[in-house]
1. What order, most packed first, do the peptides 45-55, 74-84 have when packing is the mean number of other Cβ atoms within 10 Å of each residue?
2. So, by mean Cβ neighbours within 10 angstrom, what's the order for 31-38, 271-278, 63-70 with the highest one leading?
3. Between E38 and S362, what length in nm is gained on full extension when 0.36 nm per residue of separation is reduced by their alpha carbon distance?
4. How high is the relative contact order of the chain, given as a whole-number percent (alpha carbon pairs under 8 Å, six or more residues apart)?
5. Using only Cα atoms, figure out Rg for segment 188-391 and give it as a multiple of 2.2 N^0.38 Å.
6. Quick check for me: using +1 on Lys/Arg Cβ and -1 on Asp/Glu Cβ, what's the dipole size of the chain about its Cα centre, in debye to the nearest 20?
7. Over the Cα atoms, compute the radius of gyration (one decimal) and Dmax (the largest Cα-Cα distance, rounded to a whole number) for segment 340-443, in Å.
8. Which of L460, Y481, L539 sits closest to the plus end of the dipole of segment 460-557, meaning its Cα is farthest towards the positive end, when Lys and Arg get +1 and Asp and Glu get -1 on the C-beta?
Amino acid sequence: MQNIVKKYRHFFLGLLLGIISVVSVSYDHYFEVSKNLEIFSTLFKELDIYYVDEIKPGELTKTGIDAMLKSLDPYTTFIPESEIEDHRLTTTGQYGGIGAVVRKKGDYIVVTEPYEGFPAQKAGIMAGDVIIEVNGQSTKGKSTDDVVKILRGAPNTTATIVIQREGTQGTLKFEVNREEIKIKNVPYYGMVDEKIGYIKLRGFTNNAGNDVKAALQDLKKNNELEGVILDLRGNPGGLLREAINVVNVFVDRNQLVVSTKGKVEEWNKSYKTLNAAVDANIPLAVLVNRGSASASEIVSGTIQDLDRGVVIGQRTFGKGLVQSTRPLVYNTQLKVTTSKYYIPSGRCIQALDYSNKNADGSAGTIPDSLRSKFKTKNGRIVYDGGGIYPDIPVKPRKYSNVLRSLLSNNHIFDYATTYRVKHASIPDAKTFKVDQSEYDLFLEFLKGKSYEYTTQSEKLLEEFQKTAQKEKYFESIENEYKALVDKKQLSKNKDIIKYKDEIAEFLTEEIVSRYYYQRGRIEASISTDQEVKEAIAILKDKKRYKAIFDPSFEIKLVEDENGTAEEMEIEEE
């Protein structure tokens, strides 16, 4: 017996020390939590008693919470009771209201888009209408958020809206019966070629998978379908389960789609497709860009990892973090990052490292040298740590400064409003185009209106002038400089003609949206869409399509110049 004790005493001693160490670490951690909560509580009480002015406890607490959570990552946030309804909208796509998009314009709020088939549109409210009053309250000087809060409300309640409409004297009054508004996940689907279908998916709220399923079934039923395009561009994500359901439309049951891994091991999960696919073999092209994030990246990344379809466009956002919503007291909630997700090849596409921040507090990007290689089902090389890189990169389209100025000054929006007043109807969305005669009318409309902008070359000329003056060379070249500036301005004045084609495209889409709403805007844009054209070409070229899935095919780490997308999120229920 003594021999056994001697033999295993080192083992038992090590085990005991290990237990003591774990208990000690755990105690130290919880002591730190308790200590700092007590410090915060006593500090708050002292502020409340002794601060020179009256403090607002709710606002001060919210400021402290927001600052604390900001030090972690952009997706861990506190949701006060007043914002619960907005949070519900982002996850379900539902809210009680009139069904319209509005924005600030001058002193008032203008309707930019009534949703087709919902109360505002059914009541006769149109894009371009200026909201003067809601339920007896003037909207003058109010923010967009202020007016939206008044417009929203429980279904079957009434909003009395007074508007001003171009071409109408005085004001118009509408009694709009609020409804439960469900924003469509699939605002449009249709045929973009004789045998190629197209599905636009703009969100992953409840039933996104069923919406895509229904769209594909309808396309197959009514057409000789030989390929389909799934458009995820600008789709910021949403519910995790709906990403799996969308994949399941194109991939058969029992296929791993995504795994989540975090600090709490019991919460680590693997998610597989549950049902038979609508079509597991039809050629598929997925369109992505810098605005495709979270659930969009699960779908596009899984399709790529399984060699189920071709990914076309620009590198996606790179958000591989999952949030869960935790209930707090007084009807508040915490949306907290609980895990990272990993797609079938085993890669995580998270682009920013929030656990190891730079000296300035910003999160660093994962360098190419630290990106790991993974393999798709067929053995193609793919990479982690920076979003989903497309199989076929397409450079993002760059637009002219004059177009940007026309849009920012609302001239294209306002012209469409004027056009709608003068024309009761137009041809269908695919047929209607702004031709030369209509463009000439637009140029007349612009006379006397400002759409100034500064080009990069003008900025460089200004820098040159400052440097030349500083170095005392400017006087000797002033005449030549002025001649160059005048010549540049003359050339710039011709931009409205030079970039007529792209301006006419935006005019066409805006006008079409006044008659056929969001589905019409999408339908009108397809004929000039470079990524859609590339997808059609690949889906029709069966030899090229199959070659992309060969192990020798190289997915290039091509960076885009599309700027920074807004913060995106995915939620796990």
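Values quoted throughout were computed directly from the atomic coordinates according to the rules given, and no laboratory measurement underlies them. No experiment lies behind these values; they were computed from the predicted model shown. Cβ: placed from backbone, ideal geometry, glycine included. Neighbour counts: every protein chain shown.
1. Listed from highest to lowest mean packing, they are 74-84, 45-55.
2. Those peptides, ordered most packed to least, come out 271-278, 63-70, 31-38.
3. This chain segment gains 113.7 nm when fully extended.
4. Relative CO of the chain lands at 13 percent.
5. After normalising by residue count via 2.2 N^0.38 Å, the value is 1.05.
6. For this selection, approximately 1400 debye.
7. Rg and Dmax of segment 340-443, Cα atoms, are 23.7, 60 Å.
8. Of the candidates, L539 comes out farthest on the positive side.
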